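This report concerns only the one structure given below.
Coordinate-derived values only; no laboratory data. It should be emphasised that the depicted structure is a prediction, and the values quoted were computed from it without experimental measurement. Neighbour counts are summed over all protein chains in view; Cβ atoms, including those assigned to glycine, are modelled from backbone coordinates with ideal geometry.
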Amino acid sequence: MFNFGKAKKLEQEVTALREEIVQIKDSAQTWHEMDRSQWADFFGANPSSAGVVVTTETAKRSAAVYACCRLIAGAVALLPLPIYERTESGGRKKVEHDLWWLLNESPYPTLTACSFWEWMISSMLLRGDGIAQIVRDRSGRPTRLMPLPRECVAIERVGDTLNYYVNDDGKYFGLQSEDVLHFPGFGFDGTKGESVIRYAARQAVGTALAADEFAGEFFSNGASPSMVVTYPHGVSPSQDQQDQLRSQFTERYVGKTNHHKPMLLVNGGDVKPVSLSAEDAQLLETRKFQVVEIARAFGAPPHMIGETSASTSWGTGIEQMSIGFVRYTLGPHLRRIEQELNRKLWPRSMRFFTEFNRDGLLAGDSKTESEVLGKSLGGPGTQGWMTVNEARRLKNLPPVDGGDELPLSVAAKQPAPKAPEAQPNEPDPTVSE
């Protein structure tokens, strides 16, 4: 008896197989038509104009790239991340919350919070996105924040949501958007952010790496340029003898361990340099310019990664550049992190939220910190916006009695000073009636 159901199922499988074959064929044709540049982009190994292949790993070999990532990631990891609760009066108050430990101490058993945030920011700068999985218990409460390497995560946009497919050492699993902390860098297109290395600093990093390699070879050669040995009567036409002469000269006189040895040439031999010196090639200027170029791509002030030749080119100098770093470089990164944490950890909640305490960057600057605290407590010309115990908490000091009231409230409770009482007029004894 003919089974119509089985035949229908078989027909559907054949149709699906044909569609898969067509997709494979189209994909193969697309791969076949990819040029060298597209292949290099796909594998993240597109060479720069300097001839050096620039990837995330090779870029970190540049001291400027490493310093920019360390500076920005370290500055973000330095800031406290307290949790606040909105009050009925429209204000806020700091609260003790279970998630405080994950955000400020240890988000994952093998990581401290400082290492976690450095990982997220470095991945965001170098690869375009910092990604971490929110591990929840049965009740849905977050218990861990597990960082995920960006190269092991594929992101797919389906409608208004993002799906994440993770390859964890050969184990594949999918995650929904609400279970992932996704911190994209600048240029987020709805799916992924833009890598600074790939989009803004590829040529600068390639040139810097090439300059470093050239400098290393130059000094490994005893800081001596390439040279040619000439003989007035010529040399033997035998290729073996020419190779032997060349190898003997290289072995005895080339290299940093041989550059002090006296040179001995026979049969009227003469040595002449044929390449530019380090000064003629402007090696130092090239390397200095690439440091500034890389710092510009990352938004870091050059003086904060060791380039101080143009430290007075903005505002009143280094002080204004440091303020600009906090405001214009760290500010966008901090805001993206805060918004992602609030919408994933407290979805559709108007009660709790978290926000970086930017005042943490004042730590170590005792003069500025004392001025800020003095004005916040109601110094000369100010009304004050902080209580004594709040200021003491910032300095890890215990609270004191009566220190939970604002200076304005204390002043309002104090009685107004009384006017001096008028004294009755007494007759002057020196004046006679």
Phi-derived 3J(HN,Hα) across region 67-79 with the Karplus relation (6.51, -1.76, 1.60, θ = phi - 60°), rounded Hz, x for Gly and Pro, is 5, 5, 5, 5, 5, 5, 5, x, 5, 5, 5, 6, 7
The local net charge around GLY331, scoring Lys/Arg +1 and Asp/Glu -1 for residues other than GLY331 whose Cβ lies under 13 Å from its Cβ, equals +2
With DSSP loop assignment and no more than 13 other C-beta atoms within 10 Å, the trypsin sites (Lys or Arg not before Pro) in region 134-202 are ARG138
Those chymotrypsin sites (Phe, Trp or Tyr not before Pro) from region 107-172 that are DSSP loop and have at most 14 other Cβ neighbours within 10 Å turn out to be none
Total charge of the residues flanking ALA113 in space, meaning their Cβ is under 13 Å from its Cβ, with Lys and Arg +1 and Asp and Glu -1, is -1
So, over other residues within a Cβ distance under 11 Å of ARG157, counting Lys, Arg +1 and Asp, Glu -1, the net charge is -2
Given 76-82, 108-114, the highest-first ranking by average Cβ count within 10 Å works out to 76-82, 108-114
